[in-house]
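Some notes on the structure that comes next.
The values are calculated or read from the model by the stated rules, or taken from the named source; none is laboratory data. What you see is a predicted model, and the numbers here were worked out from it, not measured in a lab. Cβ coordinates were reconstructed from backbone atoms using ideal geometry, including for glycine residues, and neighbour counts include every protein chain displayed. Just the protein is used for accessible areas: all its heavy atoms, side chains included, with ligands, DNA and RNA removed. Shrake-Rupley method; radii C 1.70, N 1.55, O 1.52, S 1.80 Å.
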Amino acid sequence: MSKETASDKNIDEKQKDDIAALAKGGKTNVFGFALRLAARVPFLFIIGWLYAKEDVGRFAYAILVVEFAAQLSAIGLRRGLAELLSNGDRPHANIVADGLLLGLLASSIGVVVLITFPQIMFPNSGLNSMDRFFPLVIYVIVSTEISLAALAYKFDIASAVRARAVVEPWMLCIAGLVLYFIIPRDGLIIAYLVAMCSALITALIPLYMRYGLPHNWSMDLLVLWRTAQRNIPLALTDAIEWGSRRMDLAILGLFVSPSIAGVYYILQQIASLPQKLKTSFDPILGPVITRSIKEKRYKDIGKQVGQVGFWIIAAQTALALGFGITGKSVLPVVGGDGLEGGIVIAGFVGALIFLLVAEVVAATSVVSEAALIYMARKRNLMISLSMLGLQASLSFAFIYSSDYLNIANQELPIYYATCVALALAISLALSSFIKLRFLQQLLDMKIKIFRMALFWAIGAAILVGEFVTRTPTWFELSFGEVIILGVYGFVIWTRGFGPEDRVLFQKNKKIVAAENAAKKAV
């Protein structure tokens, strides 16, 4: 009996270590989110007011294609590297070198295809002399992702914050502003190249400090091939998850002008601000879950998923409420001359609201998938593929239905944006429900993510928001969102957060000790 008690106590301590590690990673990345937000807001002003909407649409479509190719080229190593490092019997530096080499080899396929057929990136505009070589940035993106995944395994989240939340967004913002006055047509694309290269340098320096150079390492094509084969389902899952956030823009681009696509891209950037909170936990959740699977602590996985899921939904809902309630005032400010007129504003506000809702409901799918990719990657892939097909089908169905009903007459293309955003929200909501249920069956336990306090907080925020929207625009923009978030945060803190939730906001010796224990366990 005493042995069982000691064993249970040991498992409980490991569980506390995991929660502390997740809290530490979350706190660090939430701080990084704040830094990214500080850079993203001026960037929205730059692309909304300075650049022509046609150039914004051209830029948006080009990076959509390039980043999709990069997602496939990473061969799932953004999340799969943690499993390789956990189960590998070779020096970690050699495993990371294998990952980087595999990513570069896979990237070459996408680079060659896009250099040969650059029209894939620029379907509705002419090519400049340097446009053909834009796909070379795929090498940079993939190398950065794999490097940051390796650092996350060592619980080095600060390096990811520096690369993704400081260097990348601020270099994009500054370079975008400077290059507008030099080459306005291609300023955004070149600024993107500068930002990605800067992020890679920022990631490689701590990678070398943490792992050093590989010893007695040589390229083993058989090992690389086996790794690629095993990670194909994970790579496709990553690409599908990424593609579900971009398919709406890709489909919309088939029906509307580049200027409308450019404005929709701005809406995506506003809506994706809460999404960064969701990805804040990805680097730290993977290593924690893989360790729990290795030690067969399956009940702890459910607790980890539920804990992080609530944190993410609570934070994303706050930002979605802030932007959604004040959307009519926010959009004309960041949208420039692309957002004028009542019908135009109404059409795009509807799209923004559905995009924000989509990010909130997607949180459950993402945290469930963080465990499913290690426990049932092929079945998880099939679910993701089905949901992607549903999103595409709903997008076309809504667009053709609105066309048949002749909504808004000449302003119909504006409402196409609402159609694709609604399709995204529905498919992500269904994906969250299915994946959570599937994970609960695998773990044989109920995972509690939603809490009643969320609904109380949402109700309070909406009531206050109704008052805020009746105030002058200057007050709504200056103080309205702060008031809405303040009321929401107060209700969540007092009615929803327990002791384990409040560890996110604590910094004491006990938590530091738990963090160190989690690092040593890796």
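Observations on the model:
- About its Cα centre, the dipole of segment 426-477 is roughly 280 debye, where the only charges are +1 on Lys and Arg Cβ and -1 on Asp and Glu Cβ.
- Solvent exposure ordering (accessible area, 1.4 Å, most first) of Trp493, Trp311: Trp493, Trp311
- Centre separation in Å (Cα based) which lies between segment 99-115 and segment 363-381: 26 Å
- Here, P(r) means the percent of Cα pairs in each 10 Å bin from 0 to the largest distance; for segment 55-169 it is 14, 38, 30, 14, 3, 0.
- Ranking by accessible area, most exposed first, for Ser218, Ser432 with a 1.4 Å probe: Ser218, Ser432
- Karplus-based coupling profile of segment 198-206, in residue order and whole Hz: 5, 5, 4, 4, 5, 7, 5, 4, x, with θ = phi - 60° in 6.51 cos²θ - 1.76 cosθ + 1.60 and x standing for Gly or Pro.
- Highest to lowest packing among 417-429, 471-483, 248-260, scored as the average C-beta count within 10 Å: 417-429, 248-260, 471-483
- Sequence ranges 292-305, 133-146, 361-374, ranked by mean other-Cβ count within 10 angstrom, highest first: 361-374, 133-146, 292-305
- Carbon + sulfur, % of accessible area of segment 149-270 - ligands and nucleic acids excluded, 1.4 Å: 70 percent
- Base-10 log of normalised Debye intensity for segment 190-249 (one unit scatterer per alpha-carbon) at q = 0.19, 0.24, 0.26, 0.27 Å⁻¹: -1.07, -0.97, -0.94, -0.94
- Sparsely packed loop sites in segment 363-462 (the trypsin sites (Lys or Arg not before Pro) outside DSSP H, G, I, E and B with at most 10 other Cβ atoms within 10 Å) comprise Lys446.
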